[in-house]
Amino acid sequence: MINFLKKIHIHPFFWVIIAMGVLSGRFKEVLMLLFIVFVHEMGHVWMARRFHWDVIKIELLPFGGAAVLEPKGIRPAREEAWIVCWGPFQHSWMIGLSYILLHTTDVWMIQDHHLFISHNIAILLFNFIPIHPLDGGRLVHLLYSAFLPYKQAMKATWLTSLILLTLGFFVVLVLMLKLNLMMIFSFLLLTLILDYRQRNYRFIRFLMAKINDQTSTKQSALYVERETTLKVVSEQIRKNHLHTIVVENNARYTYSLEAVLDAYFQKGSHVTIDELDKR
């Protein structure tokens with residue numbers, strides 16, 4: 001329990017938000033938001049632990065929360081889908097709890113109920129916006145990964161997020177909506193930029209995990225030429241596929257994905273398929 005509590009990190013600026021809530025007389029509302037966000041993230045954590053994923057940390061940010069989870073190698077897409085959706089699912093029972101408290105206690109007033117419901121719905125809908133790293137963005141990435149090689153799926157997710165975020169900025173500016181929306185979009189943009197800078201690191205980690213992929217079951221072949229570099233081959237790898245590398249101009253030559261990736265890391269990404277047996 002103590003080790004788990006150590007994984008909960010509160011952003012320094014979050015305390016500023018709480019202080020502002022106290023000074024403005026909206027401390028109760030701030031506590032509501034804190035509770036809703038925490039329960040939402042714990043939904044992700046609970047399902048992740050059920051699938052034996054590692055929980056790195058749970059962050060309470062100024063404009064929401066984030067559960068940093070680490071799969072052990074390549075995991076089935078359905079696991080990640082369950083983990084992503086289990087956070088938003090928590091809003092259903094929280095809304096139901098609010099109705100129960102309203103009709104069974106004198107502590108939970110109608111104003112509290114309406115405020116609690118509105119915050120739940122707002123956070124639920126916001127999290128389903130298809131912008132990475134929101135839950136909607138993670139679902140979009142899963143969708144892209146089902147049809148595209150992993151590297152292309154990363155790029156498509158990032159571009160989709162950037163386009164939607166740009167449109168969001170434009171709508172906020174034109175309609176002169178609340179300042180906090182602009183701050184939230186700015187925070188998402190910063191996260192998106194950091195994610196883009198880490199794209200190569202994420203891709204290398206993916207390739208390393210694919211070497212010992214024990215969960216993918218869908219068999220598929222990658223047809224390449226003898227002059228194809230391992231870099232090009234690596235960019236065709238799909239997340240939940242077990243690939244066999246087939247040399248097109250001499251079909252009797254095949255390579256396992258594990259052998260190709262071992263060569264990728266030991267000999268270099270510039271090596272061609274034709275050179276695999278020559279070094």
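Assign one of three labels to region 128-197, namely rounded, prolate or oblate, based on the Cα gyration tensor with a ≥ b ≥ c the square roots of its eigenvalues; rounded applies when a/c is under 1.5, prolate when it is not and a/b is larger than b/c, and oblate otherwise.
Values: a/c = 2.58, a/b = 2.17, b/c = 1.19.
Because a/c hits 1.5 or more and a/b exceeds b/c, region 128-197 counts as prolate.
All other residues with a Cβ under 15 Å from the Cβ of Leu60 taken together, and with Lys, Arg as +1 and Asp, Glu as -1, what is their net charge?
Values: positive: Lys6, Lys7, Lys57; negative: Glu41, Glu59.
So the environment of Leu60 carries a net charge of +1.
Would you list, by chain and number, the aspartates and glutamates whose Cα falls below 12 Å from the Cα of Lys6, excluding same-chain residues fewer than 8 positions away?
Counting by Cα, and skipping residues close in sequence, Lys6 has these aspartates and glutamates nearby: Glu59.
Measure nothing but the geometry: give the 0 to 90° angle between the long axis through the Cα atoms of 199-211 and the longest principal axis through the Cα atoms of the chain, rounded to 10°.
So the helix axis and the longest Cα principal axis differ by about 60 degrees.
Report relative contact order for region 135-231 in percent, whole number only (criteria: Cα-Cα under 8 Å, sequence separation at least 6).
On the way: 28 pairs, mean separation 21.7, N = 97.
Once divided by the residue count of region 135-231, the mean separation gives 22 percent.
Want the number for Ile129 to Phe265: 0.36 nm per residue separation, take away the alpha-carbon distance, what's left?
On the way: separation 136, 0.36 × 136 = 48.96 nm, distance 3.70 nm.
Here the segment from Ile129 to Phe265 would lengthen by 45.3 nm.
Just order 154-160, 117-123 by mean Cβ neighbour count inside 10 Å, highest at the front, would you? Display every interim value, and only then the final one.
Values: 154-160: 17.6, 117-123: 15.7.
Ranked by mean Cβ neighbours within 10 Å, highest first: 154-160, 117-123.
Treating the angle as unsigned and between 0 and 90°, give the value, to the nearest 10°, between the Cα long axis of helix 257-267 and the longest Cα principal axis of the chain.
Approximately 80 degrees, to the nearest ten.
When a/c reaches 1.5 or more, the comparison of a/b and b/c decides; with that in mind, is region 209-278 rounded, prolate or oblate per its Cα gyration tensor? Don't skip to the end; give the middle numbers.
Numbers: a/c = 1.94, a/b = 1.30, b/c = 1.49.
Oblate is the answer for region 209-278, as a/c is 1.5 or above yet b/c matches or exceeds a/b.
Extending each Cα 7 Å along its Cβ direction at Val55 and Val16, get the distance between those two points in nm, one decimal.
2.9 nm
Can you compute the equivalent ellipsoid semi-axes for region 1-99, i.e. the square root of 5 times each eigenvalue of the Cα gyration tensor, sorted largest first and rounded to whole Å? The partial results should precede the final answer.
On the way: eigenvalues 148, 57, 20 Å².
In descending order the semi-axes read 27, 17, 10 Å.
Can you order the peptides 17-24, 267-274 by their average number of other Cβ atoms within 10 Å per residue, highest first? Present the calculation step by step, with values, prior to reporting the outcome.
Numbers: 17-24: 12.8, 267-274: 15.6.
Top of the packing list down: 267-274, 17-24.
I need the P(r) histogram for region 143-238: all alpha carbon pairs, bin width 5 Å from 0 out to the longest distance, whole percents.
Pairs per bin, as whole percents: 2, 10, 17, 18, 15, 11, 9, 7, 5, 4, 1, 0.
What order do you get for 141-150, 237-246 when each peptide is scored by the mean count of other beta carbon atoms within 10 Å, highest first? Walk me through the numbers before you get to the answer.
On the way: 141-150: 17.8, 237-246: 19.9.
Those peptides, ordered most packed to least, come out 237-246, 141-150.
Report Rg/Rh for the chain, rounded to two decimals, where Rg is the Cα radius of gyration and Rh the Kirkwood radius. Walk me through the numbers on the way to the answer.
Numbers: Rg = 23.0 Å, Rh = 21.5 Å.
Result: Rg/Rh = 1.07.
Find the relative contact order for the chain and round it to a whole percent, using C-alpha pairs within less than 8 Å whose residues are 6+ positions apart. Walk me through the intermediate numbers first.
Values: 345 pairs, mean separation 38.9, N = 279.
Relative CO of the chain lands at 14 percent.
FYI, it's all coordinate maths here, none of it is from the lab. These numbers were taken from a predicted model, which means no experiment stands behind them. Virtual Cβ from ideal backbone geometry, glycine too; neighbours counted across all protein chains shown.
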